[in-house]
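Data block below; observations after.
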Amino acid sequence: MREILIVWFVFINLIGYLVMSDDKRRARKRRERIPERTLFLLAWIGGALGVLIAMYSKRHKTRHMSFVIGVPLLLFLNAALYVYLLL
């Protein structure tokens, strides 16, 4: 179970980072955007670290208080859940 959880953690955070980066790219090109609920869903299911890293490295969604407050809260929740499941 531990190995599966670690693989999930890496996978979902990589996906979160890539999706958030793609949304920033789409925003620059004025294309159809990825819904915010999708970005929050990725953070909710364990990818908050990837979303947060992309958020600040790409400077994307940093003016949206729902992201500035919500993603770190989801990161805390993710961390607590990962620790609980790993111990």
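Yes/no per residue for (1) in a loop (DSSP other than H, G, I, E, B); (2) in contact with a Leu (Cβ under 7 Å, 6 or more places away or on another chain); (3) of a type in the set (Gly, Ala, Ser); (4) within 20 Å of Phe9 (Cα to Cα):
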{"residue": "Phe40", "(1), (2), (3), (4)": "no, no, no, yes"}
{"residue": "Ala43", "(1), (2), (3), (4)": "no, yes, yes, yes"}
{"residue": "Leu49", "(1), (2), (3), (4)": "no, yes, no, yes"}
{"residue": "Tyr56", "(1), (2), (3), (4)": "no, no, no, yes"}
{"residue": "Ala79", "(1), (2), (3), (4)": "no, no, yes, yes"}
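Checked against (1) outside any helix (DSSP H, G or I); (2) within 19 Å of Phe11 (Cα to Cα), His60 passes all but a single condition, namely (2).
In this structure, does Leu74 turn out to be buried (at least 19 other Cβ atoms within 10 Å of the Cβ), within 8 Å of the chain's Cα centre (by Cα), assigned to a helix (DSSP H, G or I) and modelled with pLDDT of 95 or more? Reasoning before the result, please.
Working: buried (at least 19 other Cβ atoms within 10 Å of the Cβ): yes; within 8 Å of the chain's Cα centre (by Cα): no; assigned to a helix (DSSP H, G or I): yes; modelled with pLDDT of 95 or more: yes.
Spelling it out, it is not the case that Leu74 is buried (at least 19 other Cβ atoms within 10 Å of the Cβ), within 8 Å of the chain's Cα centre (by Cα), assigned to a helix (DSSP H, G or I) and modelled with pLDDT of 95 or more.
Considering the stretch 47-63, the residues that are surrounded by fewer than 14 Cβ atoms within 10 Å (Cβ to Cβ) and either touching a Lys or Arg at 6+ places or on another chain (Cβ under 6 Å) or not polar (S, T, N, Q) (or both) include one that is nearest to Tyr17 (Cα to Cα), namely Tyr56.
The values are calculated or read from the model by the stated rules, or taken from the named source; none is laboratory data. All figures in this text were calculated on a predicted structure; none of them were measured in a lab. Heads up, the Cβs are rebuilt from the backbone with ideal geometry, glycines too, and the neighbour counts pull from every protein chain shown.
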